[in-house]
Amino acid sequence: MNAKNLSERLRLVASFVEAGTVVADIGSDHAYLPCWLVQNGQTQRAIAGEVVKGPFESAQRNVAKEGLTSQITVRLANGLQAILPEDGVDTVTIAGMGGTLISSILENGVENLESVRRIIVQPNIHAIAIREWAVSNSWRVIDEAILKEDHKIYEVLVLERGNLAYSPKELLMGPVLLKACSPIFIEKWQSELKEIERVITALSNSVLTDETQAKHLQLLQTKELIEGVLKS
Ligand code: SAM
């Protein structure tokens, strides 16, 4: 993958970026996504934020190599601290991390989201953490997508401001994905179900503490919820 030849996963993220926007890509190790967005005329200006020095330098090198330093600013910063008020950022993308880390990046930088209208995230796992963060912070899920690339299944969530309540099923599996119920979605949840059953069996064969007992109960509820969807 490079800035010209973007992965299907990042292309899917890019497909939700509206034309003429100013994007901050957080955790932008090679700055491939911002480079692609600017080169394809989808974004006028972009910020590439990266917290680790090595990946930050690699992002800087790629932006320079592509001749995009006047349109893309690369910043060494933790999470949304990469966004300054004068940037006029209206779209944030965060891809390729766990849902818990993405939601903590959003939570720790809520004040930097003032000018932001749309957040596009691609959690590798645990998308529920982002949907829960959205509900608690007055953002709603306006779209979702799922794809399989290199034997891995990825979800993309698009958030805009607004208040909506979701059922436990919608929080876990995604309100839009649940409605669409695509073959990849079914494959994902069949595989998640197998893993949950494996952990339940392991817990059932061990001495349970209060903590593992609570986990066991939670897994049984999740299993029931997934089975209900897969049967319907
Ligand atoms: N976004 C790219 C993608 O989807 O291909 C890179 C994903 S890479 C697995 C995750 C990147 O996020 C790493 O370079 C990591 O250093 C960076 N990262 C993790 N936590 C971060 C934070 N709090 N702020 C900025 N960058 C962060």
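The values are calculated or read from the model by the stated rules, or taken from the named source; none is laboratory data. Bear in mind the structure is a predicted one, so any value in this text is a computation, not a measurement. Reconstructed Cβ throughout: ideal geometry from the backbone, glycine too, with neighbour counts over all protein chains shown.
What the table below lists for this structure:
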quantity	calculated
Members of the range 86-115 that are more than 9 Å from the ligand (Cβ to nearest atom), closer than 23 Å to residue 152 by Cα and among the small types (Gly, Ala, Ser)	98, 99, 103
Residue identified as charged (D, E, K, R) and in contact with a Lys or Arg (Cβ under 8 Å, 6 or more places away or on another chain) among 161, 131	161
Residue under evaluation residue 44, criteria (1) modelled with pLDDT under 95; (2) within 14 Å of the ligand (Cβ to nearest atom); (3) of a type outside the set (Val, Ile, Thr), criterion not met	(2)
Residue within the range 61-72 that is surrounded by 22 or more Cβ atoms within 10 Å (Cβ to Cβ) and under 20 Å from the mean Cα position of the chain (by Cα) present	no
Complete set of residues in the range 31-40 that are buried (at least 22 other Cβ atoms within 10 Å of the Cβ) and either on the phi < 0 side of the Ramachandran plot or basic (Lys, Arg) (or both)	32, 33, 34, 35, 36, 37, 38
Complete set of residues in the range 159-173 that are part of a loop (DSSP other than H, G, I, E, B), on the phi < 0 side of the Ramachandran plot and touching a residue at least 12 places away in the same chain (Cβ under 8 Å)	163, 164, 165, 166
Leading residue by the ranking (surrounded by the most Cβ atoms within 10 Å (Cβ to Cβ)) among those in the range 8-30 that are part of a strand (DSSP E or B) and near the ligand (Cβ under 10 Å from one of its atoms)	25
Subset of the range 116-168 that is among the polar types (S, T, N, Q) and either surrounded by 14 or more Cβ atoms within 10 Å (Cβ to Cβ) or farther than 25 Å from residue 47 by Cα (or both) - its residue that is farthest from the ligand (Cβ to nearest atom)	167
Which numbered condition residue 33 fails, given (1) within 14 Å of the ligand (Cβ to nearest atom); (2) within 19 Å of residue 91 (Cα to Cα); (3) out of contact with any strand residue (DSSP E or B) (no Cβ under 8 Å at 6 or more places or on another chain); (4) not basic (Lys, Arg)	(3)
Residues of the range 41-52 that turn out to be within 22 Å of the chain's Cα centre (by Cα) and surrounded by fewer than 20 Cβ atoms within 10 Å (Cβ to Cβ), as a count	4
Count - residues of the range 47-64 that are in a helix (DSSP H, G or I), of a type outside the set (S, T, N, Q) and either within 13 Å of the ligand (Cβ to nearest atom) or in contact (Cβ under 8 Å) with a residue 40 or more places away in the chain (or both)	6
Flag for residue 196 being closer than 28 Å to residue 105 by Cα, without any contact (Cβ under 8 Å) to a residue 40 or more places away in the chain, among the β-branched types (Val, Ile, Thr) and not in a helix (DSSP H, G or I)	no
Scope the range 68-85; condition within 10 Å of the ligand (Cβ to nearest atom), outside any helix (DSSP H, G or I) and out of contact with any helix residue (DSSP H, G or I) (no Cβ under 6 Å at 6 or more places or on another chain); matching residues	77, 78
Residue match in the range 49-70 (condition: among the aliphatic types (A, V, I, L, M), out of contact with any strand residue (DSSP E or B) (no Cβ under 6 Å at 6 or more places or on another chain) and under 30 Å from residue 191 (Cβ atoms))	no
